[in-house]
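Below: the structure, in structure tokens.
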Amino acid sequence: MNIVSSRILHLPCRADSILEIMVSIADTDKSVSLLRSIPLLQETLQAVQAAPKKCVKADNGNYEKIPGCNGFKHLYDPDTAEGGIEFYELQDGLWLILVDTKTKQVMTSRHSLGGKLVLTAVLQANIDISDLENTRDGSLANGHCMIYGMETDGSFETVYAPRRTLKWVSVIIDPSRFFPCTRLDARDIPAAFLNFLENGIPIAHRNIPMTREESQTTLQMIDCTLKGSYRSVFLQSKALELLCLVLSGFKEIQTRQPGIVLTAKDYARIERAKKYIQDSFSDRPNIEELAFAVDLTRHKLQFGFKQLYGDTVAHVREKMRLEYALKLIRSSEMSMIEIALETGYEHQASFARAFKAAYGISPMEARRTTGKTLR
């Protein structure tokens, strides 16, 4: 994206100083680019709290104090998005971001959270993330927790399309404050995360399927109606609860699969395997062929799919080709037998059975009900 101009948001600060927050606008003026980092969010928090009024109006929306909490709410400009984000400093070195918004324009965010352990529990998003070289580096996937720890100067970018619902929670913690904040025992922390906390060795972006308890905890934070100090204490307890649930769950996965450790390169190969499946539905490579194509062992490939996508290679492939079949049914004039062959089914009958099992209706019924939501 070519940024050709910038708007500067001015918020009143203590001692009549001016805090400048860069909000860049693309040349079409229909694509908003934001920078998020802990120092910038902390400065914004100080500015909002020092303002004489509860609500501070700015070019990119309104900033509101949250009574009884060390936090602020940013409601986006109505032309940009509905809703916004909330930022809280729960403890020294422990922060929380709640995202609940629906975009109206293309929005680009640069997340500069290097040197911090970050856990993002996603209820709705399905968005790819990219590094500075615009290389795909992971995703914010519905029903998953993305957890990572980047090098100190690390950052990544997300691009939100118009009319996209975004709903997630990010718990961010400074490694030097991890044990004082959580009171956890270092012996209980998975090795990869302990290595980051103690030695700064980066953790690649990992998507871990959320359990029912983790989803409930995430939703309780976003839907919290408590006010004042009750809200602050509740959110802090839930943030720590989510962190404990995810880390303990990750350790259990590692225990069930002893000796399997995935590196950043392994995660890239696993994502390449998924792309390989997507590009070769009609060829239907078996798992050995797929593992060989991306230079992984069969066990690592299966383990990686469970971690990144929450299911086996076979189930992920089946889901992908049925989603592709649904797209063809609704957007093309191909016959059902042509769609069956295109998506790797040898017989139209087997395709119809699989489709109905997944969506509750036959392929022909799906074509007649174009535009309606299927299960």
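The values are calculated or read from the model by the stated rules, or taken from the named source; none is laboratory data. Quick caveat: nothing in here was measured; it's all calculated off a predicted structure. When we count neighbours, we look across all protein chains shown, and the Cβ atoms used for this are built from the backbone with ideal geometry, even at glycine.
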> Would you say I18 is buried (at least 16 other Cβ atoms within 10 Å of the Cβ), of a type in the set (V, I, T) and modelled with pLDDT under 85?
Replying inline: no
> When region 228-239 is examined, which residues are found to be without any contact (Cβ under 8 Å) to a residue 60 or more places away in the chain and more than 14 Å from G71 (Cα to Cα)?
Replying inline: S237, K238
>> Of the residues E89, E64, only one is of a type outside the set (V, I, T), within 26 Å of E214 (Cβ to Cβ) and more than 19 Å from the chain's Cα centre (by Cα); which?
In response: E89
> Considering only residues of region 87-107 that are in contact (Cβ under 8 Å) with a residue 60 or more places away in the chain, in a loop (DSSP other than H, G, I, E, B) and touching a strand residue (DSSP E or B) at 6+ places or on another chain (Cβ under 7 Å), which is nearest to V233 (Cα to Cα)?
Replying inline: G93
> Residues G71, G61: which one is at pLDDT 95 or above and assigned by TED's automatic domain parsing to the domain that holds L235?
Replying inline: G71
> Is region 283-292 home to any residue that is within 29 Å of the chain's Cα centre (by Cα) and of a type in the set (D, E)?
Replying inline: no
>> Looking at region 72-86 only, could you name the residues that are closer than 24 Å to F156 by Cβ and in a strand (DSSP E or B)?
In response: F72, H74, Y76, A81, G83, G84, I85, E86
> Of L296, L301, L290, L328, which residue is farther than 28 Å from M210 by Cα, at pLDDT 85 or above and surrounded by 17 or more Cβ atoms within 10 Å (Cβ to Cβ)?
Replying inline: L328
>> I need the full set of residues from region 36-63 which are among the small types (G, A, S) and within 23 Å of V171 (Cβ to Cβ), in order please.
In response: S37
> What residue, among those in region 273-283 that are of a type outside the set (S, T, Y) and surrounded by fewer than 15 Cβ atoms within 10 Å (Cβ to Cβ), is farthest from H347 (Cα to Cα)?
Replying inline: K275
> Can you tell me which residues in region 173-230 are within 18 Å of L117 (Cβ to Cβ), in a strand (DSSP E or B) and in contact with a His (Cβ under 8 Å, 6 or more places away or on another chain)?
Replying inline: N207, I208
> In region 177-193, what count of residues is obtained for those that are out of contact with any helix residue (DSSP H, G or I) (no Cβ under 6 Å at 6 or more places or on another chain) and within 16 Å of T263 (Cβ to Cβ)?
Replying inline: 3
> Within region 123-133, is there a residue that is under 25 Å from N195 (Cα atoms), of a type outside the set (A, V, I, L, M), at pLDDT below 75 and in a loop (DSSP other than H, G, I, E, B)?
Replying inline: yes
